[in-house]
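Working notes for the structure below.
The values are calculated or read from the model by the stated rules, or taken from the named source; none is laboratory data. What you see is a predicted model; the values in this text were computed from it and never measured. Cβ placement follows ideal geometry from the backbone for every residue including glycine, while neighbour counts extend to all protein chains displayed.
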Amino acid sequence: MAAARVHLHLCPRLLRAFASSTSRPLVATHARTSPLRRAGPARPLAARNRRGAGSSMAAAPPAEAEDFATAADLQFEAPLKIVLYPDPVLRARNKRINTFDGNLRSLADEMFDVMYKTDGIGLSAPQVGVNVQLMVFNEAGVKGEGEEIVLVNPEVYKFSKRLVVDEEGCLSFPGIYANVLRPDTVKINAQDVSGAKIKVKLSQLSSRVFQHEFDHLLGILFFDRMTMDVVESIREQLKDLEDKYVETTGQKSPETVENYRGAKDVISFAR
Ligand SMILES: [Zn+2]
């Protein structure tokens, strides 16, 4: 998720929750208040689809044998480059990870590097061309400040009925900012970079960043969650990215906003 225009708010309770659920201390030595501007206070909106809201996930993960990422799937070349819409890598399936080694740690480190360089506060592995279930975020958006959080194989097991709309940006959509409606809080299970299990409730900005990045791991992009009128407001910018893709690759755009037929359900976390 892009940092610009997003309010920074480090929640001490969140930091403690992460600290107590992981093997190594993750607490920032100091929380920073925001130099960045928020578009406006988050405000609740009526849910367009409340089915399952507040309950456990209705749809179970696929029952078939786990297809974990191989060493080849986890290969990367530094420095990483951000994959831009409409590259099909952003829609590809992301494999779960069961190898917690130095390579995974290096990949997470490189993801933080490129995230800071591009003014981001969150980044998912598919956005750097690696189709695995890995995300990194730091609400401070600055190296050495805030808290660096790495989540592997994340799952949402509960979300709030209360929905909030807020403006989001995405590193795969440079310069595009628009409102997205999402559950206010989520409860998640995940693993850290060493494989240790994490169970935590996320709220405020961390909930927003997590849900945005988690969507990437499901192949969902932020405009998929926008209402038609919001998509309309960024249609030309999306088309520009599609045109650039055609120019740089010489290939047809794999998808186009012209075919957009309305938002996905607000609540659809199942894989
Ligand atoms: Zn994004």
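To keep it simple, each residue is scored yes or no on (1) touching a Phe, Trp or Tyr at 6+ places or on another chain (Cβ under 9 Å); (2) buried (at least 22 other Cβ atoms within 10 Å of the Cβ).
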{"site": "Leu90", "(1), (2)": "no, yes"}
{"site": "Asn103", "(1), (2)": "yes, no"}
{"site": "Asn138", "(1), (2)": "yes, yes"}
{"site": "Val150", "(1), (2)": "yes, yes"}
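Can you find a residue in segment 111-134 that is over 17 Å from the mean Cα position of the chain (by Cα) and buried (at least 21 other Cβ atoms within 10 Å of the Cβ)?
Checked against the condition, which is being over 17 Å from the mean Cα position of the chain (by Cα) and buried (at least 21 other Cβ atoms within 10 Å of the Cβ), segment 111-134 yields no hits at all.
Please specify each residue of segment 213-224 satisfying the condition of being over 14 Å from Val257 (Cβ atoms) and in contact with a helix residue (DSSP H, G or I) (Cβ under 9 Å, 6 or more places away or on another chain).
Selection gives Glu213, Asp215, His216, Leu217, Gly219, Ile220.
Do we find a residue being under 20 Å from Glu148 (Cβ atoms), in a helix (DSSP H, G or I), in contact (Cβ under 8 Å) with a residue 60 or more places away in the chain and more than 16 Å from the ligand (Cβ to nearest atom) anywhere in segment 213-232?
No: segment 213-232 contains no residue that is under 20 Å from Glu148 (Cβ atoms), in a helix (DSSP H, G or I), in contact (Cβ under 8 Å) with a residue 60 or more places away in the chain and more than 16 Å from the ligand (Cβ to nearest atom).
Would you pick out the residues in segment 187-207 that are over 30 Å from Gly102 (Cβ atoms), in contact with a strand residue (DSSP E or B) (Cβ under 6 Å, 6 or more places away or on another chain) and surrounded by 22 or more Cβ atoms within 10 Å (Cβ to Cβ)?
Selection gives Ser207 alone.
What pairs can you find where one residue is in segment 151-167 and on the phi < 0 side of the Ramachandran plot, the other is at pLDDT below 95 and part of a strand (DSSP E or B), and their Cβ atoms are less than 9 Å apart, with a gap of 6+ or different chains?
Short answer, once both residue conditions are applied: Arg162/Pro44; Leu163/Pro44; Val164/Arg43; Val164/Pro44; Val165/Arg43; Val165/Pro44; Asp166/Arg43.
It is to be established whether one or more residues within segment 93-102 are of a type in the set (A, V, I, L, M) and over 18 Å from Ile220 (Cα atoms).
The answer is yes; a qualifying residue exists.
Having 3 or more residues that are within 15 Å of the ligand (Cβ to nearest atom) and not hydroxyl-bearing (Ser, Thr, Tyr) is the bar; report the strands (runs of 3 or more DSSP E) wholly within segment 87-195 that clear it.
Qualifying strands (runs of 3 or more DSSP E): 134-137, 163-170, 173-183.
Could you list, in sequence order, the residues of segment 201-212 that are more than 14 Å from the ligand (Cβ to nearest atom) and under 14 Å from Glu139 (Cβ atoms)?
Leu202, Ser203, Gln204, Leu205, Ser206, Ser207 - these are the residues of segment 201-212 that are more than 14 Å from the ligand (Cβ to nearest atom) and under 14 Å from Glu139 (Cβ atoms).
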